[in-house]
Amino acid sequence: MTLSYLYSLRMMTVPTRVLLQDLQDKTEKVLQDARLFFQLSFEQLCAKPKNGGWSIAECLLHLNLYDKYYLPHINEAMTDKNKWQDYDTIYKSSWLGNRIANSMLPNKKGEFDKMKAPKTKQPMLINMQETVLQDFFNQQKEYKEVFAKADAYNVNKAKVSISIMPFVTINLGDTLRFCVNHHVRHLQQAMRVYYELFPQLNG
């Protein structure tokens, strides 16, 4: 039984180290899939799918914009006052944090619910840089560093402001779940574009 399945059943409690390992594994899979994009030119990364949706580059830029907000806030939350006092700790999701994290997962039909990105996170409104793919990889590696050290901190006590409403906070564990689920969601979207537009590169 996977953690993703448990989360879909509103699993609210899990050992912190199990949570962090699950997020680490998902991030490794994201990086493994995204390495295929290095075969593409910048122009190919920016090519639009037939349905007129986001290009691969736009999917990545959207994630980069969110991570540019969340990574500094996540690191700021890991302060000495938020360190655990013992070991074998338990992560407990809040109701709101669990809802936000789960909103990035597929619905009962196995499909992702459509959501409109805030204007500040809409990639078509931002100048696209040729470094978008490498920037994505750099930020994913930062998340791996976060997972490696987050076990020392109380992921229930440490709080992070959410990007769309900075006056609202959720706990660090919920924030990390949201961010990784968000990566998985849009990487799958980018992969669909890759397989649609570049079948000749897929054997």
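More than 15 Å from CYS179 (Cβ to Cβ), outside any loop (DSSP other than H, G, I, E, B) and out of contact with any Ser or Thr (no Cβ under 8 Å at 6 or more places or on another chain), is that true of GLN32? Taking the combined requirement at face value, the residue satisfies it.
Total residues in the stretch 173-203 satisfying the condition of being of a type outside the set (Asp, Glu) and under 19 Å from LEU36 (Cα atoms): the figure is 20. If you go through the stretch 160-200 and keep only what is of a type in the set (Lys, Arg) and crowded, with 23+ Cβ neighbours inside 10 Å, you end up with just ARG177.
Note on the stretch 155-203: residues that are of a type outside the set (Lys, Arg), modelled with pLDDT of 90 or more and part of a helix (DSSP H, G or I) total 23. Consider the stretch 139-154 and keep the residues that are in contact with a helix residue (DSSP H, G or I) (Cβ under 9 Å, 6 or more places away or on another chain) and not in a helix (DSSP H, G or I). The one that is surrounded by the most Cβ atoms within 10 Å (Cβ to Cβ) is TYR153. Number of residues in the stretch 67-97 that are crowded, with 21+ Cβ neighbours inside 10 Å and either assigned to a helix (DSSP H, G or I) or of a type outside the set (Gly, Ala, Ser) (or both): the value is 5. Residue count for the stretch 49-93 under the criterion of being in contact with a strand residue (DSSP E or B) (Cβ under 6 Å, 6 or more places away or on another chain), under 24 Å from ILE164 (Cβ atoms) and not hydrophobic (A, V, I, L, M, F, W, C): the result is 4.
The values are calculated or read from the model by the stated rules, or taken from the named source; none is laboratory data. Keep in mind the model is a prediction, meaning the values are calculated, not measured. All Cβ positions, even for glycine, are placed from backbone atoms using ideal geometry, and neighbour counts span all protein chains on display.
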